[in-house]
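Asker: The structure under discussion is supplied below as structure tokens; questions concerning it will follow.
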């Protein structure tokens, strides 16, 4: 209710996937703030490694509550030995953005553009052959995400691997993409093509085929996020029918 209320009153958006609340993982935590019987604040904590903690806050414009939640997050990060805290905030959430800037604790890191597919577009299939990732593909996917041939081995949880599709050429994985499905919505994450295979139209074929299949499966909302400095990717997504929905700014601090 708090999320929907703030969206209606202030037009704020929040980077919280619908799967987040049902996903049971040691990497996901929730902070709830109550004032007597009134629910006045919520913080979502998520981490992909042991160094950085991602934070999304949903709260009424109240500096005292925000300050208390901020300190709770910092204490949590210290207790669990995180090195950095990364706050994610809608650029239009002027109250929270101003608080972060005025605190003097955080530095701007980067921005992401959240894009939503215009499902009125009839996107033809590219007939690109994708297959579900297997356990033995973990190292190759890690290397893709690291952007190197010898990426540091990263454990990929079985639940994430089951949502990952790969594209192979001559038996080698040259691209991977993860789909987070929830009800009639689907988020596209972790889409990466091997550096030496970029610029050959492979990415376009993959994303086109994926979106086409999701449309067949009747997903009413298909979305993804891309860094605002990645002009080639943003151009690709726009060209097949994705439209800008919101800009998220990331602010980091050392714990």
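The values are calculated or read from the model by the stated rules, or taken from the named source; none is laboratory data. Remember, predicted model here, so these are calculated numbers, not experimental data. All Cβ positions, even for glycine, are placed from backbone atoms using ideal geometry, and neighbour counts span all protein chains on display.
Asker: Only one residue in 86, 96, 69, 53 is assigned by TED's automatic domain parsing to the domain that holds residue 9, in contact with a strand residue (DSSP E or B) (Cβ under 6 Å, 6 or more places away or on another chain) and farther than 23 Å from residue 10 by Cβ. Which one?
Answerer: That would be 53, the only listed residue that is assigned by TED's automatic domain parsing to the domain that holds residue 9, in contact with a strand residue (DSSP E or B) (Cβ under 6 Å, 6 or more places away or on another chain) and farther than 23 Å from residue 10 by Cβ.
Asker: Can you name every residue in the range 105-120 that is outside any strand (DSSP E or B), buried (at least 16 other Cβ atoms within 10 Å of the Cβ) and not assigned by TED's automatic domain parsing to the domain that holds residue 74?
Answerer: Within the range 105-120, just 119 meets the criteria.
Asker: Can you tell me which residues in the range 104-131 are modelled with pLDDT under 95 and within 27 Å of residue 8 (Cα to Cα)?
Answerer: Once the filter is applied, which keeps residues that are modelled with pLDDT under 95 and within 27 Å of residue 8 (Cα to Cα), the range 104-131 yields 119, 120.
Asker: Here is a further query. When residue 235 is evaluated against the numbered criteria (1) touching a strand residue (DSSP E or B) at 6+ places or on another chain (Cβ under 9 Å); (2) in a helix (DSSP H, G or I); (3) farther than 19 Å from residue 128 by Cα, which criterion, by number, is the only one it fails?
Answerer: (1)
Asker: Is it the case that residue 55 is closer than 28 Å to residue 183 by Cβ and either crowded, with 18+ Cβ neighbours inside 10 Å or modelled with pLDDT of 90 or more (or both)?
Answerer: Judged against the criteria, residue 55 is a match.
Asker: I want to confirm something. Restricting to the range 193-207 and keeping residues that are closer than 18 Å to residue 126 by Cβ and not in a loop (DSSP other than H, G, I, E, B), which single residue is modelled with the lowest pLDDT?
Answerer: Out of the qualifying residues, it is 197.
Asker: Filter the range 21-36 down to the residues that are under 16 Å from residue 64 (Cα atoms), at pLDDT below 90 and surrounded by 14 or more Cβ atoms within 10 Å (Cβ to Cβ) and list them by number.
Answerer: none
Asker: Against the condition buried (at least 16 other Cβ atoms within 10 Å of the Cβ) and more than 25 Å from residue 214 (Cβ to Cβ), how does residue 98 come out, does it pass?
Answerer: no
Asker: Checking residue 60 against (1) over 27 Å from residue 254 (Cβ atoms); (2) not assigned by TED's automatic domain parsing to the domain that holds residue 29, only one condition comes out false. Which one?
Answerer: (2)
Asker: So, in the range 171-192, how many residues would count as being free of Cβ contacts under 8 Å to residues at least 24 places away in the same chain and over 14 Å from the mean Cα position of the chain (by Cα)?
Answerer: Of the residues in that region, 1 qualify.
Asker: Here's another thing I want to ask about it. Looking at the range 53-80, which of its residues are farther than 20 Å from residue 97 by Cβ and without any contact (Cβ under 8 Å) to a residue 40 or more places away in the chain?
Answerer: 75, 79, 80
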